[in-house]
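The values are calculated or read from the model by the stated rules, or taken from the named source; none is laboratory data. If you're wondering where the values come from, they're calculated on a predicted model, not measured in any experiment. Here Cβ is always computed from backbone atoms with ideal geometry, including for glycine, and neighbour counts include all displayed protein chains.
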Amino acid sequence: MTEPLRTCCSCGMKKPKHSLQRFVWKNEMVEPDPKQLLEGRGAYCCKDEQCFRLLLDKKKKWKRLFRL
């Protein structure tokens, strides 16, 4: 069985789900979901520090990512 692909919301690269960090919108803020088990809409980002910083800098993009 092939692993599902997810798209990094910072760089747009498609990668296997396990190689990306998942984030969810919880308690009016973005929280990491290291085990990828929390409920709710998730956004995926590369584990690369540069991609993570791009995600944090794009706070306006969060509304679209989490469909708020």
Here's a check for you: in region 48-68, which residue that is loosely packed, with under 12 Cβ neighbours inside 10 Å and part of a loop (DSSP other than H, G, I, E, B) is modelled with the lowest pLDDT? 68
Within region 14-68, residues among the basic types (Lys, Arg), touching a residue at least 12 places away in the same chain (Cβ under 8 Å) and within 15 Å of residue 4 (Cα to Cα) come out as 15, 17, 22
Considering (1) free of Cβ contacts under 8 Å to residues at least 40 places away in the same chain; (2) in contact with a helix residue (DSSP H, G or I) (Cβ under 7 Å, 6 or more places away or on another chain), say which one residue 10 fails and leave the rest. (1)
If you go through region 15-33 one residue at a time, how many are loosely packed, with under 10 Cβ neighbours inside 10 Å and either in a strand (DSSP E or B) or in contact with a strand residue (DSSP E or B) (Cβ under 9 Å, 6 or more places away or on another chain) (or both)? 1
With the structure loaded, tell me whether residue 39 is charged (D, E, K, R), part of a loop (DSSP other than H, G, I, E, B) and surrounded by 10 or more Cβ atoms within 10 Å (Cβ to Cβ) or whether it fails that test. no
